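Colleague: I have a structure here, written as structure tokens, and I will follow up with some questions on it.
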Amino acid sequence: MSYFSDYLKRTDDRMLSKWVHYFEVYEREMTRFRQRPISFLEIGVFKGGSIPMWKGFFAEGSRLTFVDIDPDCAQHAEEGTSVEIGNQADPDFLAQLAEKHGPFDVILDDGSHVCAHQIASFEALWPHISDRGIYVVEDCHTSYWPGFGGGYRNEASWIEYAKRLVDRMHSWYTDQDAMFPFDEIAKEVQGVRFYDSITVVEKHQKPEPPTTLYAQNGKVTLSRRALAVRGRKSAFAGKDGT
């Protein structure tokens, strides 16, 4: 039985509200962080129901921090956890938060769900994610709601921002330097994974550019030559270029 299906039968009077399909994503993305004590941050406390859930999920000794703009949420703190009161879109508050509790192995944004707030929190806290850590934004469907600063293909939405992260991650390989220059974040983003209403951005420090491996007759050769080539054409294209 999964941890979450078992836990839901043991909840107390602190309400927990999540979309049903989120728990499968949690299992897939966060199980690997259960092997040792970690530092975890969740933005959004609401009624406090997720605090005991995450406390039981992660290893004993983990540092669990929760953030909400509502001062009443401070009452939900329990042993082994911290609840900080502040605005997730306030860079000064987030800097103080990171200095006090970071770096973080896992950050989960379940806060206001306002697109501008999601982007502001990511940009302020991404530098404070540990190597091999993940930044999770949930309830991303608000990117399609104008009332939350979203709307279909609205460039100001979190979803469109995350799509651009995919481009920036691939900027090592640019062949259009003027319009698509190399972005330094490519040295840190290992992957951007989209689920229904959840986005996961994984960090992995990559000080060196990607390397091509050639193996033949037991001999392995490494090369970065492909990154310097411009005007590439497919080796599999026909004589007419198609």
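Colleague: Show the residue pairs meeting these rules: Cβ distance below 7 Å; 6+ apart or different chains; first residue within region 75-104 and more than 20 Å from S50 (Cβ to Cβ) and at pLDDT 95 or above; second residue part of a strand (DSSP E or B) and of a type outside the set (F, W, Y).
Modeller: If the second residue must be part of a strand (DSSP E or B) and of a type outside the set (F, W, Y), the pairs left are P103/S39; P103/I129; P103/S130.
Colleague: Give region 176-217 a look and list any residue that's of a type in the set (A, V, I, L, M, F, W, C), assigned to a strand (DSSP E or B) and either closer than 25 Å to K18 by Cα or open to solvent by 60 Å² or more (accessible area, probe 1.4 Å) (or both), or say none. Spell out the reasoning first.
Modeller: To start, the set of residues in region 176-217 that are of a type in the set (A, V, I, L, M, F, W, C) comprises 178-180, 182, 185-186, 189, 192, 194, 198, 200-201, 213, 215.
If we keep only those that are assigned to a strand (DSSP E or B) too, we end up with 189, 192, 194, 198, 200-201, 213, 215.
Once the filter is applied, which keeps residues that are of a type in the set (A, V, I, L, M, F, W, C), assigned to a strand (DSSP E or B) and either closer than 25 Å to K18 by Cα or open to solvent by 60 Å² or more (accessible area, probe 1.4 Å) (or both), region 176-217 yields V192, F194, I198, V200, V201, L213, A215.
Colleague: OK, next. Only one of (1) part of a helix (DSSP H, G or I); (2) in contact with a Ser or Thr (Cβ under 6 Å, 6 or more places away or on another chain) fails for A74. Which number is that?
Modeller: Looking at each condition in turn, A74 falls short on (2).
Colleague: Which of the residues spanning region 136-158 are surrounded by fewer than 22 Cβ atoms within 10 Å (Cβ to Cβ) and either on the phi > 0 side of the Ramachandran plot or under 16 Å from the mean Cα position of the chain (by Cα) (or both)?
Modeller: Answer for region 136-158, where residues must be surrounded by fewer than 22 Cβ atoms within 10 Å (Cβ to Cβ) and either on the phi > 0 side of the Ramachandran plot or under 16 Å from the mean Cα position of the chain (by Cα) (or both): D139, H141, G149, G151, R153.
Colleague: While we're here: Kindly list the number of the only condition in (1) outside any strand (DSSP E or B); (2) within 16 Å of I43 (Cα to Cα); (3) touching an Asp or Glu at 6+ places or on another chain (Cβ under 8 Å) that fails for Y135.
Modeller: If we test Y135 against (1) outside any strand (DSSP E or B); (2) within 16 Å of I43 (Cα to Cα); (3) touching an Asp or Glu at 6+ places or on another chain (Cβ under 8 Å), just (1) comes out false.
Colleague: With the structure loaded, tell me whether Y152 is at pLDDT 95 or above, part of a loop (DSSP other than H, G, I, E, B) and aromatic (F, W, Y) or whether it fails that test. Step through it out loud before you land on a result.
Modeller: Details: at pLDDT 95 or above: yes; part of a loop (DSSP other than H, G, I, E, B): yes; aromatic (F, W, Y): yes.
Yes: the conditions hold for Y152.
Colleague: For region 100-118, give me the residue count where each residue is out of contact with any strand residue (DSSP E or B) (no Cβ under 6 Å at 6 or more places or on another chain) and either open to solvent by less than 10 Å² (accessible area, probe 1.4 Å) or not in a helix (DSSP H, G or I) (or both).
Modeller: Keep residues of region 100-118 that are out of contact with any strand residue (DSSP E or B) (no Cβ under 6 Å at 6 or more places or on another chain), which gives 100, 102, 112-117.
Narrowing the set further to residues that are either open to solvent by less than 10 Å² (accessible area, probe 1.4 Å) or not in a helix (DSSP H, G or I) (or both) leaves 102, 112-115.
Residues flagged as out of contact with any strand residue (DSSP E or B) (no Cβ under 6 Å at 6 or more places or on another chain) and either open to solvent by less than 10 Å² (accessible area, probe 1.4 Å) or not in a helix (DSSP H, G or I) (or both) within region 100-118 amount to 5.
Colleague: To continue, here is another question. Would you please name the residue that is most open to solvent (accessible area, probe 1.4 Å), looking only at residues in region 119-128 that are of a type outside the set (S, T, Y) and within 22 Å of S157 (Cβ to Cβ)? Steps first, answer last, please.
Modeller: Here is the first cut: in region 119-128, the ones of a type outside the set (S, T, Y) are 119-120, 122-128.
Restricting the remaining residues to those that are within 22 Å of S157 (Cβ to Cβ) gives 119-120, 122-126.
Values: I119: 27, A120: 34, F122: 3, E123: 106, A124: 29, L125: 0, W126: 12 Å².
Taking the candidates together, the pick is E123.
The values are calculated or read from the model by the stated rules, or taken from the named source; none is laboratory data. Source: prediction; values computed, not measured. FYI the Cβ positions are ideal-geometry reconstructions off the backbone, even for glycines, and counts take in every protein chain you see. Just so you know, the surface numbers come from the protein's heavy atoms only, side chains and all, with ligands and any DNA or RNA stripped out. Shrake-Rupley method; radii C 1.70, N 1.55, O 1.52, S 1.80 Å.
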